[in-house]
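First up is the structure itself, then whatever we jot down about it.
The values are calculated or read from the model by the stated rules, or taken from the named source; none is laboratory data. These figures come from a predicted structure and were not determined experimentally. FYI the Cβ positions are ideal-geometry reconstructions off the backbone, even for glycines, and counts take in every protein chain you see.
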Ligand SMILES: NC(=O)C1=CN([C@@H]2O[C@H](COP(=O)(O)OP(=O)(O)OC[C@H]3O[C@@H](n4cnc5c(N)ncnc54)[C@H](OP(=O)(O)O)[C@@H]3O)[C@@H](O)[C@H]2O)C=CC1
Ligand SMILES: O=C/C=C/c1ccc(O)c(O)c1
Ligand SMILES: [Zn+2]
Ligand SMILES: [Zn+2]
């Protein structure tokens, strides 16, 4: 309880420019405010968005930038008005750490859609400081944006649920796509996609993985439990699967054609875009008109949905498939993620990496 007497200096691993290379960086955290929770980071997942941001794919990156938004840690201190958490509890932090609390999305508890949302990194907090993410020893976060990690979930397992997990859960819930027996497609079998297979299977769906090669076929079917597998470059297989899916969760992080995937949808089917792509995607209008199909997008999930997906995973005994690495490996991990060489999520063991001892690297 109580607030820190002074600002605390911590070490995070920051990108200094659009090479996206991370190196140790010292910065100060704000003093613990009345509603703040101080989180000692244990684990942080690596999402493809961390590459987009560190490498400035969206043209809005500010440096130094400490990425990381799948954060699990231990509460080490709370502000005097914090009611939800106590020191010693294991908690999670995701993509959003602030919102206006007054707009329609905020009032509807879908604060991720608030136009005044504050991102957990590459943003500016209400006190004017840059926000910094979870590849750091410590974060200070408003209790509203902190979730409890339920008993029965290992902290490193929980990390990918805070972005990848809720990102697939939220649109399935919102669009009424949780009913058993639905036929779903997961386009792009990476961090988000593999959670898509697991969550959709747990809802009782028939799940087809749509991948860019044959490489992941055996693991998709045998390890993740997918029911069918399509290689999007196999036009015969794609044609045979036309008009078969109720929805597709599209996680591809680069420009790609939509029409071959729209053709897989049944009447009223939904193509749900997840990938952050800074170039226009295109399709001819009959591809959606002749079948009343929809193309939509979805952005992570709310804090309430994050709590729900964590409990959903406990209840269903659902785990993420992760490779745990130390912070010293983070640049290799980012490179491997970018070249599609991870099954399926890297999680950095931040607490086990002694990052406070690392000498700071000069900015380039
Ligand atoms: N909307 C939202 O709220 C969220 C959006 N995202 C975004 O979703 C996208 C996917 O994220 P994530 O799952 O972490 O990414 P991953 O890199 O883990 O997975 C992406 C998958 O897309 C496929 N792919 C096809 N072409 C490429 C390519 N050229 N380079 C890399 N992968 C390719 C691969 O699957 P295969 O081998 O099967 O073809 C790959 O495994 C990103 O753009 C990310 O920013 C992430 C989280 C939340
Ligand atoms: O990984 C989570 C963030 C996703 C995201 C979606 C859209 C967008 O414009 C971003 O900058 C990030
Ligand atoms: Zn993410
Ligand atoms: Zn708002």
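Just a few scattered comments:
- Residue that is farthest from ligand 4 (Cβ to nearest atom), among those in the range 222-246 that are assigned to a helix (DSSP H, G or I) and surrounded by fewer than 16 Cβ atoms within 10 Å (Cβ to Cβ): 236
- Options 106, 163: the member that is more than 16 Å from ligand 3 (Cβ to nearest atom) and at pLDDT 95 or above: 106
- Scope the range 64-88; condition in contact with a strand residue (DSSP E or B) (Cβ under 6 Å, 6 or more places away or on another chain) and more than 15 Å from residue 38 (Cα to Cα); matching residues: 64, 65, 66, 68, 70
- Answer from 277, 249 - the residue that is in a strand (DSSP E or B) and within 16 Å of ligand 3 (Cβ to nearest atom): 249
- Qualifying positions in the range 275-313 - within 21 Å of residue 163 (Cα to Cα) and exposed (fewer than 15 other Cβ atoms within 10 Å of the Cβ): 278, 296, 297, 304, 311
- Check on residue 67, part of a loop (DSSP other than H, G, I, E, B), surrounded by 16 or more Cβ atoms within 10 Å (Cβ to Cβ) and more than 16 Å from ligand 4 (Cβ to nearest atom): yes
- Test: residue 348 is touching a residue at least 60 places away in the same chain (Cβ under 8 Å) and surrounded by 21 or more Cβ atoms within 10 Å (Cβ to Cβ): yes
- Out of 73, 94, 98, 79, sole residue that is buried (at least 17 other Cβ atoms within 10 Å of the Cβ) and within 14 Å of ligand 3 (Cβ to nearest atom): 94
- Residue 63 meets all of the listed conditions (1) within 12 Å of ligand 2 (Cβ to nearest atom); (2) within 18 Å of residue 17 (Cβ to Cβ) but one, namely (1).
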